[in-house]
Every structure is written in C-alpha cells, then in structure tokens.
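Undergrad: This structure is in structure tokens; I'll ask about it shortly.
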Amino acid sequence: MSIMLPSLNSAQLSLADVLPSCLSSLGIQQLPNALELAPVRSAVVVLVDGLGAQNLSSASAHARFLSKNSSPETHLSTVFPSTTAAALASLTTGATPGQHGMTGYRVLDPESGEVLNLLTGLGALTSPSSWLRCDPLYALAEENGITPTVVAHPRFADTPLTHIIHEGAVQLSAKTIDDRVQAVLSTLNQSGQHLIVLYISELDELAHNKGVSSAEWAAALESVDGAIKELSDRIPEGVGLFVTADHGVLDVKQSQHFLYGLDVDHMRHIAHVGGEPRCVQLYFSEHASQAERAQAVASWREDWSELAWVLTQEEVLAAGLYCDVDSDVLPRLGDVFVLAKKDVAFYDERDTSLKGRNMIGQHGGVSPTELAIPGIRLGAYSR
C-alpha cells in the first residue's frame, strides 16, 4: 500500500540547529554553525511559543516589526512531532526527539507501562532527569566561560520539564513580557559573555483557548512584536538576537473533532493511547500477534484514510519523520501513528471528562502551518 506523506525537506535547517549555531558564534568551534551566524560577544534567543512562520505571515499587520524582518528564505523547520516538549528539548540539546527521547506530548514509559504527559507528568518518574537522553548545551557554554540564562514566566520556574531541559542555566522569572525583556537587558549589562533564552508563552496559551484567528490572539501578537522591537532597539552593540518558535498553530472547529475509542476492531489490541489530537500514537498490547496488529492497522486505514495517514512505527521511521532514532528511544514511540491530513483533531471518546475538547488552536501534526517556524536575525546577527 502506497502512503503519500507531505513533502518534508530533511535538508532544511531546524530548531535543533539554533543553539549550536549561537554557541559556535560565541566561539565554541567544536559545535556546527549550520545557520552561519556572525561572531558575537553575547547571544539572545527569543522562543515565541506557537508563533509559526505561516501564523506570522497571516497576521503580519499585527506584527509589523517581526514581519519586516522575516522572509521565507530564513524559515526553519521544527521537529516532529510539532509539540512543545519535543521542540524545547531539541532547542536546548541541539538534538532531535529520536535522539533526546522527548518523543511527543503523551508518551509511553516502557519501564512503568504508564503513559506520561511530558509537559506536566515527568515528576512521576523516580529519576526525571534520566528521561532526557542528551545533555542540554548550557553546561558546555559554562565550560567555555559563557553564562547561560533562561528568562520565563514564574509558573515555569519549578516544573520538572524546566529542571530537565534547562539544567545548568540560571533561571530568571518575570510575569510580564516587558519585564522579561528588561531582565534580558539587565543580564546583558553584566560583565562576561552570555547566552540567554527568552521564553514567551502567552501566544500559545491564547491560541489554544481563543484560536489564532481571534482578536485576543492578534492583540497579544502586537504586544509580543512591540516587546521584541524594544529588545532589538536596546540590545547592546555586538549582541546577536535570534527569534524563532517551537511550532505553528492552526484552528480546528469542534465540528472537525473526530472520536475514536469505542470501535472494537480499532481498539481490540491497543493497550495505550499517547500523542495528541493531531498526532495520535497507539501502543499495541504486548500479547498482540503480528497478524492481529496488521488487522488493526488495516481497520484504522479503512475507516480513517480520508482524514489521516495511518502509519506503522516502521513507516514513520522510513519516512524520516523522527530523523535518527536511538535504539533505546524506540520503545517510547507508538506502534501506530494517526496523523491528521486536514484541519481536524482526534479525541478518545472513552475520556468522559472531554478534556481538551474546548481547545481551538492545535498543533502536533505535519502540516506546513505546524512545521514552519521563523528564523529572524536581529542585532549583530543581522549584519
């Protein structure tokens, strides 16, 4: 059976190239400078959660500064799945999810047999830090005399995910975006070389609650645009500023939610469900035979082929969606992936809480809207 996936450019520069390139531009020559960033004395990376390249282009009237400095030639690709935990870990480690192990939103822990929410549930592990299989690059920065700092909203300061992916960095917290910008500028005024990651989460939160087509999201984008312009205007000489995102977002109407979970043929041999609404990962029971697994996949394809690509783990790997995958990471991947083809989302109707069904903005899939992210060069990186 021939399965045509979207055309994914494996040679395109990605989010995982950003921090290695920045550190290379700061003088750590052992790291590749894939982005060919100019040498600088300090570097700032602004990660705007949920601001995909197409989202920025569609709302350019609300982001005049960022739009003026963005172009298709500088766009990057986020990682697969296009979800925050996987992408942020790729940013800080310079590795792809198949290497660092943060392989989705909800992922099976092979040791416990439980499905973990990687954004909020890592604290359930005996040793949360061992889940991330690649070290964040902050330690290497510090070894080379560069002070790594992360600036984010206070609610992220003490989460297991933050501790794991930002291990080795100084943590600064500020509630408002403007105060976070001021924290960046104050840090840059201190002596020495600095690598600063500024995390702006507000757009993604509004996208989920209101949608990227909403007036609320547009107003928030104007605020983000103004804050980054101020940062660019006030950044000291010789400091590079790079603006990017972890994924894009698309709006999915509730009428485009499709339910699964009660069909016996579909779920007979499925022990666990992970992933997210646009990239469902299904895990077979260990007792399911190869014939039973093949029958289940055929059943999903027969009923869902108009809405989704239904791929076995082997097909996902062959398609290169995860790039290189370490053998120790393979058990974390779903045995079957249900990837949305259209602007739809899939929900397990056995979840009577209907958790997430009110979410408008969605991501996690393989559409250009979700995968393409900006790669905006400002300050010393623009010269």
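The values are calculated or read from the model by the stated rules, or taken from the named source; none is laboratory data. Just so it is clear, the structure is predicted and the values come from calculations on it, not from any experiment. Note that each Cβ is placed from the backbone with ideal geometry, even for glycine, and that neighbours are counted across all protein chains shown. In case anyone asks, the SASA skips ligands and DNA or RNA and just uses the protein heavy atoms, side chains included. Shrake-Rupley method; radii C 1.70, N 1.55, O 1.52, S 1.80 Å.
Undergrad: Provide a single number: the residues in the stretch 26-56 that are under 30 Å from GLU222 (Cβ atoms) and either charged (D, E, K, R) or out of contact with any His (no Cβ under 7 Å at 6 or more places or on another chain) (or both). Write out each step before concluding.
TA: The initial filter retains those residues of the stretch 26-56 that are under 30 Å from GLU222 (Cβ atoms), namely 35, 37-38, 40, 42-56.
Subset that is either charged (D, E, K, R) or out of contact with any His (no Cβ under 7 Å at 6 or more places or on another chain) (or both): 35, 37-38, 40, 43-49, 51, 54-56.
The total comes to 15.
Undergrad: Would the stretch 308-328 turn up any residue that is within 17 Å of LEU259 (Cβ to Cβ) and either out of contact with any Phe, Trp or Tyr (no Cβ under 6 Å at 6 or more places or on another chain) or open to solvent by 40 Å² or more (accessible area, probe 1.4 Å) (or both)? Talk me through it step by step, then tell me what you get.
TA: Narrowing the stretch 308-328 to residues within 17 Å of LEU259 (Cβ to Cβ): 308, 310.
Then drop every residue that is not either out of contact with any Phe, Trp or Tyr (no Cβ under 6 Å at 6 or more places or on another chain) or open to solvent by 40 Å² or more (accessible area, probe 1.4 Å) (or both), which leaves 308.
The answer is yes; a qualifying residue exists.
Undergrad: List every residue pair whose Cβ atoms sit under 7 Å apart, with the two residues 6 or more apart in sequence or on different chains, where the first one lies in the stretch 56-73 and is modelled with pLDDT of 95 or more and the second, anywhere, is surrounded by fewer than 20 Cβ atoms within 10 Å (Cβ to Cβ) and of a type in the set (A, V, I, L, M).
TA: Going by the 7 Å Cβ cut-off, the qualifying pairs are ALA59/ALA218; HIS62/ALA218.
Undergrad: Next question, about the same structure. Listed residues SER67, SER90; which is over 15 Å from LEU195 (Cα atoms), hydroxyl-bearing (Ser, Thr, Tyr) and surrounded by 24 or more Cβ atoms within 10 Å (Cβ to Cβ)?
TA: Working: SER67 fails: surrounded by 24 or more Cβ atoms within 10 Å (Cβ to Cβ).
After applying the criteria, what remains is SER90.
Undergrad: Looking only at residues in the stretch 370-383 that are at pLDDT 90 or above and open to solvent by 30 Å² or more (accessible area, probe 1.4 Å), which one is nearest to ILE270 (Cα to Cα)? Step through it out loud before you land on a result.
TA: The first filter runs over the stretch 370-383 and keeps only residues at pLDDT 90 or above, leaving 370-382.
Pick out the ones that are also open to solvent by 30 Å² or more (accessible area, probe 1.4 Å) and you get 377, 382.
On the way: ARG377: 46, SER382: 51 Å.
Across the stretch 370-383, the extreme among qualifying residues is ARG377.
Undergrad: Looking only at the stretch 182-204, decide whether some residue is open to solvent by 70 Å² or more (accessible area, probe 1.4 Å) and within 21 Å of the chain's Cα centre (by Cα).
TA: No, every residue in the stretch 182-204 fails to be open to solvent by 70 Å² or more (accessible area, probe 1.4 Å) and within 21 Å of the chain's Cα centre (by Cα).
Undergrad: Could you list, ordered by first residue, the pairs with Cβ atoms under 8 Å in which the first is in the stretch 87-102 and farther than 17 Å from HIS163 by Cβ and at pLDDT 95 or above and the second is among the aromatic types (Phe, Trp, Tyr) and surrounded by fewer than 24 Cβ atoms within 10 Å (Cβ to Cβ), at least 6 apart or interchain?
TA: Close Cβ pairs satisfying both conditions: THR96/TYR322; PRO97/TYR322; GLY98/TYR322.
Undergrad: Here is a check on your reading of the model: is ALA294 free of Cβ contacts under 8 Å to residues at least 24 places away in the same chain, surrounded by 14 or more Cβ atoms within 10 Å (Cβ to Cβ) and either over 30 Å from TYR199 (Cα atoms) or polar (S, T, N, Q) (or both)? Talk me through it step by step, then tell me what you get.
TA: Details: free of Cβ contacts under 8 Å to residues at least 24 places away in the same chain: yes; surrounded by 14 or more Cβ atoms within 10 Å (Cβ to Cβ): no; either over 30 Å from TYR199 (Cα atoms) or polar (S, T, N, Q) (or both): yes.
No.
Undergrad: Can you tell me which residues in the stretch 103-112 are open to solvent by 10 Å² or more (accessible area, probe 1.4 Å), out of contact with any strand residue (DSSP E or B) (no Cβ under 8 Å at 6 or more places or on another chain) and touching a residue at least 60 places away in the same chain (Cβ under 8 Å)? Write out each step before concluding.
TA: Kept after step one, since they are open to solvent by 10 Å² or more (accessible area, probe 1.4 Å), are these residues of the stretch 103-112: 105-106, 108-112.
With the extra rule that they be out of contact with any strand residue (DSSP E or B) (no Cβ under 8 Å at 6 or more places or on another chain), the set shrinks to 110-112.
Answer for the stretch 103-112, where residues must be open to solvent by 10 Å² or more (accessible area, probe 1.4 Å), out of contact with any strand residue (DSSP E or B) (no Cβ under 8 Å at 6 or more places or on another chain) and touching a residue at least 60 places away in the same chain (Cβ under 8 Å): just PRO110.
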